[in-house]
Each structure stands twice: as C-alpha cells, then as structure tokens.
1. Give me the net charge of B:Leu362's neighbourhood, meaning all other residues with Cβ under 14 Å from the Cβ of B:Leu362; Lys, Arg count +1, Asp, Glu -1.
2. Can you list the residues, at least 5 places off or on another chain, whose amide H is less than 5 Å from the amide H of A:Gln518, using H built in the peptide plane?
3. Using the Karplus curve 6.51 cos²θ - 1.76 cosθ + 1.60 with θ = phi - 60°, what ³J(HN,Hα) values do you get for each residue of segment A:165-171, in whole Hz, with x for Gly and Pro?
4. Using a ≥ b ≥ c from the Cα gyration tensor of segment B:325-450 (square roots of the eigenvalues), is it rounded, prolate or oblate, where a/c under 1.5 gives rounded and otherwise the larger of a/b and b/c decides, a/b for prolate?
5. Please label the shape of the protein assembly as shown as rounded, prolate or oblate, based on the square roots a ≥ b ≥ c of the eigenvalues of the alpha-carbon gyration tensor (a/c under 1.5 means rounded; beyond that, a/b larger than b/c means prolate, else oblate).
6. Work out the mean other chain Cβ neighbour count within 10 Å for the residues of B:568-578 and drop it here as an integer.
7. Can you compute the modelled spin-label distance between B:Arg460 and A:Val77, with each label point 7 Å from Cα toward Cβ, in nm?
8. May I ask you to evaluate 6.51 cos²θ - 1.76 cosθ + 1.60, the Karplus curve with θ = phi - 60°, for each residue of segment B:61-73 and list the ³J(HN,Hα) values in order in whole Hz, giving x for glycine and proline?
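Taken together, the values in this text are just the output of simple stated rules run on the coordinates, not laboratory data. Given the structure is predicted, the values throughout are model-derived calculations rather than measurements. Cβ placement follows ideal geometry from the backbone for every residue including glycine, while neighbour counts extend to all protein chains displayed.
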Amino acid sequence: MTWQGVLQIFVLLIIILPIGKLLSVYMYKFLDGGKKTFADRFFVPVEKKVYRFLGVNPDSEMSWTRYLFILLAVNFVGFVILTVLIALQPVLTWLNPAHMGRVPFWTNINTSISFVTNTNWQNYSGETTFSYLSQIWLTVEQFLSPVSGICIFLVVVRGFARSNSKTIGNFWRDFIRTTIWLVIPVAFISALVLIALGSPDNFSPYVVAHTLQGGKQIIAQGPVASMTSIMQFGDNGGAIFNANAAHPYLAPNAPSLLFQLILGMSVPVACVFLFGKMIKDKLQVKPIMAVMGILFILGAFLMYHYETAGNPALAAHGIHLASTKNYEGKESRFGVGTSTLFNNTTTAVSWGSVAAANDSMTPLGGLIPLFNMMTGEVIFGSWGVGMVGMLAYAVLTLFLAGLMVGRTPEYLGKKIESFEVKMAVLSMIIPSLAILVLSALSVAITSGQTGIFNHGPHGLTEVLYAFSSGVGNNGSAFGGLNAASPWYSATVGIAMLLGRYPMYIPLMAMGASLAKKQRIPVTAGTFPTHGILFTILLMGTVLVVGVLIFFPALALGPLAEQFAANAGKLFG
Amino acid sequence: MENESHKEISGRTKTQSLWNKDLIGFSLRQSVRKLSPKQLMGNPVMLVVEVGAVLTTGEMFRYLATSGQGSNFIFTLQISIWLWLTVLFANFAEAMAEGRGKAHADELKKMRTDSPANKIVDGKIVSVSSSELSVGDVVVVKAGEVIPADGEVIQGIASVDESAITGESAPVVRESGGDRSAVTGGTTVLSDEINVVVTAAKGESFLDKMIALIEAGVRKKTPNEVALSLLLSGLSMIFIVVVVSVAPFASYSHTHVSVTVLVALLVALIPTTIGGLLSAIGISGMNRLYEKNVIALSGRAVEAAGDVSVILLDKTGTLTMGARQAATLVPAEGIDVPALARAAQLASRSDETPEGRSIVSLCRDQYGVTGNFEEKEDLLFVEFSAQTKMSGVDYGPHQIRKGAVKQVAEWAGEDIEKQLSRAIDDMSRAGSTPLLVAEDKKILGAIELKDIVKTGIKERLSMLRAAGIKTVMITGDNPITAAAIAEEAGVDDYLAEATPVSKMEYVKSVRSEGYMVAMVGDGTNDAPALANADVAVAMNTGTVAARQAGNMIDLDSNPTKLIDIVEAGKQILITRGALTTFSIVNDVAKYFAIIPAMFVVAYPGIEALNVMHLTSPKSAILSAIIFNAIIIPILIPLALRGVKYKAKSASNILRKNLLIYGLGGLVVPFIGIKLIDMVVTTLHLVSLAK
C-alpha cells in the first residue's frame, strides 16, 4: 500500500462532505424548507405545467397509505411501459444502427425490475443487447427510480420531524420537485463535464477498427456521456457497456473517475445532512455521519490492504512475484488503490457501478463489497433509502440500549413502541432472509448449481454476492454466475423486489406511526443520541447484526477460501 | 407457602428470602408442568428450544439403534439433556417469580371468605351472606365484625384493623365524609359502629383485583414487553433461517452437518437468556412494588412510572412533616414573653391537634412554662371551628383565644401594632403560619407555626433532578408561602392555591407538552387530576373516588413512595434491556465456538477461528450449549431482584450498564465456554478427536 492510496480515501470524504452539505441546503429549500431557490423562475413554470398535465394538486397533504399507493402505482406503470418497450425492440427500428433483435423474456423482466428498483443489475451486455432507443427507455427509469428513493426518505424522516400529524406530505410535489430541481439539471451539467473529460456522446453506428496485429475490432458507440452522467448521479450503476466504469469511454482517465465518484456520493451524503435540517437538530447528523464514514474508510482500507497483499496461494505454491499486488481484473489506468476505492464506494453506496472485476479480488478483498451490501446498504446507501436503513438500525439500537436507561426507548423525541419495533424488525428480516434463502436454494438445486462457474467456496461467494446485490438494490456483479439463465433472472428479480418494497414499506409505516406521536421533551433522563457513546452503539449494531446473520455463510464462502488459499489449496 | 412471607409488623416492607425451601419445591414442580407446548406458546424463544430438544432426542434414539454410532450417541445424549435443562431453567425462573406472587395472593385469599353481613332493608337490619350483597346496599358493621365488602362509610366513625392488607398493625380511623371514608372488604372494625354503602360487587372488589393482579395468571404483557417479545421472536426467526440455510451451504461445500449440531447452533444463537427470564423480570417487578406495599393495578402503570418526567408532590405530609410545628413566640409591644407563653400554653392545653401539642412543648422547652396554674380546675376549652377560625380557653372571667391573625384581631377589637404586624408579615413570607394570641380583648403576640421540611427530602429531589425528573409541589398555600417552602425543599416548581380544577389543568398542560406525569392523591378533590395523570397513586386511606381514579394504590398511604415507584419502574426496564443486550452479544463467542467446530472437516484452515482453543468439535459445541443453559439459573437472582438503579443522568446509567452487560456479555462467554471445555475435556464427556 502507498500513502497516496490510503490518502485518497480521506481526500474523497473531505471533498464530498462540503458538497453534500451544500446540496442538502439546496434540497431543503425546494423540499420542506419552503424557501425560494435561485432556479425557481425557470423551474416553477415547468412544475406548474406538469401538475396541470397530470391533473394533480401538489398542496393537499396525503396519508402515508395514499402516498405509498401512488408511489407504487408510478413504479408499476414505469415497469409495464419499460417491459413493453423492450419487447417492441425488434419492431421499433429507429435509433437501432446495430440492428439489435429480440430481448429474451427473462432478461426483459429482470432488467425492467432492475431499473425500476434503482438496482441496475444487468444480466446482459448493453452493447450487444439493446438498441439506442431501448437504452433511452432504461435511462428514463434511471431518472425516476432514485427519485422514488427520496420520496421514501421524506416519508420516514417526516415521521420524526412532525408530531401529532396524520399526513406525511404530497407525493406529486416531492416527486416532481426532486426531478425538476435536482435530477434533470445536475444530470445535464454533469453530462457536459463528462464530455469535457473525454467521454463520447452520439447515436453513431458502431465503429470497426483494424488493429495493428491485423485483427478486426468493433467499437460500440452511443450516448455514453449522457447515460453515464445519470447512471452515476442517480446511483443507478447500469452502464451502456458491459465493462461499466472500467470501459475507456465511460471513464477515460482518473479525473473522470473521481468526478463520477463525487457525483454518485453527493446525494446519499446530502441526505444525511438533509435529515438534520428536516428534524431541525443538526447534532443528530454527527453520529450517523460518523458511523457511515468510519465503516466506509474501514472498508476501503481493508479492501486496498487485501488486494495489495495479494493471493496467498501463490506464495504457498512457491511462486514469488516482484509485487504481491493482485492486478487481475483491474484497469491499469487506475491501479489497485483507485480500483478498490471505487468498488468499495459503489457497494457502500447502493450504486453498483464497477471499475474492476470483483470476481478477481482476493477472498477477503471480495468480502468487503459483499459485506457492504449485506449491512442493508446503509453506509451512505442509495438516494434516501440508505439513510432510511440507517434510521431503522438507530431505532433498533435505541430500543435495545434505550431500555438500559430505564425509560421506554425514544429516538428524536418519539417513543419506540411495539409497532415501530415490529416494522424495523420486519425491514431487517426480509432482506436477510431473501439473501440466505435464495442463495441456499441456488446451491441446492440443479438449475442454480449449473449457473455457478467456479467450484468450491468461491462459487458460494458468487451466489451470495448476486443475491446481496439484488436485495441491496445495488446492481454490481461479482461475476462468475450465469445471471442470464432463467433461474437467476427470476430469483435475482425477486430479490430486487424484496429488497425494495417489502424492505422499505414497513419503514414508511413506521414513519407514519411516528408522525402521529407527540414529541417528548429532552431531559437529563433522555438517552443522548448525539455523542460518541451512541456512535459506538450504532456502529456496533450494524456490524453485529450483519455478522450474526451472515457469519456461517461467509465462513463457508470468502473465509474458507482465504484459509484454503493460505494453505495453498486450489479448487478445480 | 404462607410462611415464607415474613411480615415485619413494625416495618413497612414484607421481605422474602430468595431461596426458600417451599418456594423452590413449588417452582421445581411448576417448571416440569410448564414443559407443555401449550404453556410455552407465550414464549416463542423457549418453544424453539423445546422443539430442538425433541429433535435431538429423536436423533439420540436413532444413534442408539445404529451400531458404530457410540460417540455420536453420547454427544447427542448430552446435548439433548442440556437443551431440556435450558427449557426447565427458564420455566423455573418464571415459576420462582410466580411463586413469590402466589404467596402474597394466598394470604389475601384467606380474607376473601364469606362473612355475615347486616344489611339495612327499609330501616330494618337483615342478616345476609356477604356474597349476596350488591352495589348500593347499605350494611351496618359493629366493633369486632368483618366489613363484608368494599364500600364507603356514610355514617359514623370507627377504628379499623387493616393489617391484613397493609401489614400495618396500628388501626386506622374511617369516618363518613372527608377523605378517609373508603373501607375494604375483609378488614375488621375494632371499635364503634359504621354504616357502609357497598361500592363493589362480589368478584370485583379491591381484594379480588389485588389477588388477580398478584397471581400472575391474569397478567397481561405490558406494552414494552410486547415490543421486546416481538424483537426476540424476530431474531429467533432470522436465526432459524440462518441455521436452516447452513445445511445446503454445507452440502455444497461437501460436508455434512448433523441435525444435533444444527439444533445446537440454533439454540446457541436465539436469545434464550432473555427469553427465559423475560416474564420473571416483569412478575418480580410487580412483586417488588408489592413488597413496598404498593399495588399496581396494571403493569402498564409500572412501566409508565419509569418514563415519568414530572412528579407532583403534595406539600403537606410529603415534603413537610405534615403537621406544622410551633417554632417561636413573638410578643406584642409592652407584653413580656412569659405572659405570652403562659397564655399560649393555657389556650393549647386541651388542644389535641399536633399544632396544639407543639405549642405546649415549645412553651415548656423554651420558655419554662410547665402549666401548673391555679386556674386549671375551671378551664373550659373552646374548640376550633371553621367559622371562627380560632380556639382557646375560658377560665373564670377570662378568655384566651388563639387562631388566624385576622379573626383573632377582630375578636380582640384591636389593631395589631406595627412591630408585631411586621413580624407577622415576615412569618408569612418565610412560609410559616402566624397564629395570633389574645386575652380578654388584648393582643398578646404571635406564635410562628413552621412547616418543617422532612430531613433528606432535598437530597432525594436533587437526585431525581439529575435523573431528569422535575418535581412540582402542590399546595393550598398562597404563592408567597409556597415559594418559600418550595425553595427550602428544593422542588423545581410549585402550584400554589391549588384547587381540584387547577390541579387537573396543571396535569393536562404538562402532559400536553409531552411529559409523563405522576401524582399522589387521597381526596375526592384529587380524583380529576389523578384520572389525568399517567401514574396515579391513590392512598389506601383515600376516598373511593380517588382510589378509582388511581392506577396504583399505596397501602401505607405514604406519599414519598412515589419516588420508590418511579425507581421500581425504571429498574424493570433496565433489567430487561441489560439482559437482552447480554443475551445478544453472547452470540459472538458462541459463533467462535461452534462455526470452526462445524466446518473444520471441510476446510481445516478454519481452525484459525477457534480462538478459544477448544479441544474438539464435539467438546466445543457441548461447552457452548452448557454455557447457554447454566447462564439462565445464574442470572435468576438478578432477574428477580432487578439491576440496581440509582437516580443519575441517562448517559451515566447507560455507560455503566453498557460496560457491565454489553462488554461483559461479549467477554464472559469466551471465558465461560473455555472453562467448561476444560472440564468437559478433563472428564472426557465426549469424543476429544479433532
């Protein structure tokens, strides 16, 4: 490891914190702050036209069930439209210079779920599957699915911010404003930045190049900069090309990759600050930011460390290289440090873009991104929902530890009673069970087993990773799995749905229940939730819950592989 | 059973020894009876353990029938035994708690026998059985008779022996009107005769409710218990899936994990420690209150007590000694002190109120007036009345009066001279009550009656403040007096010139700010405020209205008890939280014992995770299960007694408990399992083959 490699982890956080903070100020203004922003004179007329077109009233407050119903309806309509448009690809010949044909049924369903749930799991290669037109349909969902996450966030946080309230906001207002004020302008500007940094943006036919060795290479083209901009800003992670951020068109150089890192982290970090603004208590931001930050640094550092230490099996077999660094599957443009930082970031943030092949990591190096996702994507997480997941952990932490101060546990002045506990536990059970059950089924039945390309513990890791990525709505792939097979298309599809709706609906219900409650004033008898003690407790809960649930599976996957590699054992 | 509750007649607490022969015998029998799955339905964690025990027992017989499985048989036999013991230990804990409650209930039940009642029907007395009485009936109870039902005295005054329910041997006075009119069925009239109107039908009396509450049978889970049970069930569900998924993961890894080992892993992971002790904690919390002579009419109220952040305390009797005590004599100008003292002593000699007695002793101790006056034969005592607001004595032609300043001055027909008037104002400001003394139309001076704040109150209140609890004094005094006493007692706020309406409004306004309120009341005028408070403690001596408005009843009628109640409520929650945390963090060590043992055959390198260096896979798993089982009885005393609580700030308490139960819970099982493994190895209980 070099000091520069370690330093850049901290540099990234130092850059992203003020950006997130500034963004939260802006977001608060156009969301719940009721303040004017500099852009209002452009956006307000557009906003009004949209409301008129949809025939909705943005000012009427909704109950959480109504809010949820519309949210689900919008998501479902998006899913149906996407499925139909993808199915129509052979018919719609416009913007299809490479003559892409029919998309397999399971790939269509899987992809539609994937893009609607903000997962962007891709069991296909974009450049050999979709026409430019279909890519545009996918991009539309990349704009809308992160906004759904912000809506979930707003409902839950309003639960803490409001008291004695039966309503939880207006879906249309939250949804449309976030789209107009935030998603579209930032995506537009950052696409221009990406073009400036060297990414192409066109609808040209694929270019055929003749290599020096006399070979023929087809170089795929497309609206790379515009698609990459929203894919990274919206923490979607579903790229136009299969190689994702490792593709030279997506990230031609290190500055471009750094810009994309900042882009993807900006809203998740801003959501933590936004939470503090909405509950009008900035002190509460500290422990949550600290837990996310420490887990982030820990992950990035360990991953970098294991990849630098390299594969112990080599030494065990008497192979000694000049450098132990594990270069397999990494881009020489970025090197080990930046590649691991990028992959740690995109799994901590429920994002899923990759700049290096996870399948080629050392066992423990691969364990880090896997564990990042197994925590429920709360290390910053995706737009809004990462923060919501962390709040669920906070509720559980306070319920357990809060009893120890001799009062009915409370968080941010709201009592945590059986309904809140039930909902928080439910949101924790569903994703964990989905990962374990679907993985167990996959290694137990033939159609699952045949899709695993590697034997031994590495194969188990590949399966665990796929379902953790699906449930976490992350979308990054470990690789080594026949993800396009009907079995994995269907089961990962189920995982993505379980990790989105059944996981967050209980938390929205919890938010609504909290909003109805009265606020309890703070006294010396109140459990302090802004100090170091709470930071340690919250981090402990995230880690202990993750370890307790996944330890046996991880012991047979990455841990067993590492121990075997130490002993020089190989798996055919 | 009855013997194990040692009532100390003089003391106020009924202490029970924790390890009593009868109680243990009862608990042992109960713990076997509670093995019935129907009984365990209420405790999902233990139900899982029992199902696991059945599975391993089946496995054990399978190994017994198969040849060459000797080592597996011995292992599975021992695992099964320890799993059954785990359930029995948990049942035993619950039975212990219930047994202690049952002993109290049995005592009370003895009072609930039918007794003859003299019912008044159309002015005639008819003898009926107490079970035939209904609400609204009027009965006459004479000296030596048992009061047949709960009721209110509507005529007469009597002294009543309530020792059966309060444990207090001194008889109490019950009289019609006022705040001491409620009587409890089953208590005995010692003197005089009273007419009582029945207020509770058979089966719904105070005694019945008390018995039902103390007998844990009808005990409903409290809201917090429900929430915690949900969390524990959720965790158990997760761990069932974790363990079930291990089987396919293991077979994918070309290794076989036996049912016994899977069950052992499951039982080790699910929170058995808290699952086994949860109901014992709740029951014993109610019992602890009972031992302090407080009957909580619902578990919810006990929990709410822990959440209270504002306590309303009556000034008189709670913060102060109750009766005001004479402190000084201030003569009027031109009157010498001995003359004033003589008059004051004379006027108070037949005054049997505590105030009157305190004047006599002040005159004797400080002014040497012993009362050997020649006129004593002719003394004619004039009683205090609400109209005149004064009392006094007539002897011969002379008249002495003492009483409220305004009234006595009017009686004397004289203005109070300037200096004395100023002294009297000073007394009021300081929170004292001035009494004016006059003889034969001449003002002699004033007596200062001081409300003396109880010793130790200030310290106790400041501890509550540190724990975030605000104390408010309720008094009928004027604001000036109230402020002075509030300052002396160290309360945070006061409500002066309190009326039933202003008390209720105060409770409502504090609650609307989000605070939970506790208060004590005895009179009918307290009832509206009690009904609005979260924790409402009614004095047993109080009126029926007050008792019905309250959710707890203090049998000793000691208002300071409110502080004990709050602490008891907190103690229950702390004990639950501490044991839950302990139980969950225990899992870390158990994983390090069991996981390497399970997978070492498939991946020998995983032995590196065996950080405790346990001898063999079988010894490791058995040791973890033994630890898991014996930790329950080890913690029974803690569950029954509760984690110690001292009023301190939340962060202080948390830091301490986290260190003991959080960090302790992480470290202790590593040591415990290692020690057990050493014993298992030494005794060669299972195969020690790696």
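1. Values: positive: B:Arg324, B:Arg342, B:Arg349, B:Arg357, B:Arg364, B:Lys402, B:Lys450; negative: B:Asp351, B:Glu355, B:Asp365, B:Glu448.
Counting the neighbours of B:Leu362, the net charge comes to +3.
2. Here the answer is A:Asn164, since their amide H atoms fall under 5 Å of that of A:Gln518.
3. Working through the residues one at a time gives 10, 8, 10, 9, x, 10, 4 Hz.
4. It comes out rounded by the Cα gyration axes.
5. Values: a/c = 2.83, a/b = 1.89, b/c = 1.50.
Since a/c reaches 1.5 and a/b is larger than b/c, the shape of the protein assembly as shown is classed as prolate.
6. On the way: counts 0, 3, 5, 1, 2, 8, 5, 3, 4, 10, 4.
Mean inter-chain Cβ contacts per residue within 10 Å come to 4.
7. Modelled inter-label distance: 6.6 nm.
8. Values, residue by residue: 5, 5, 5, 4, 7, 9, 7, x, 10, x, 5, 5, 4 Hz.
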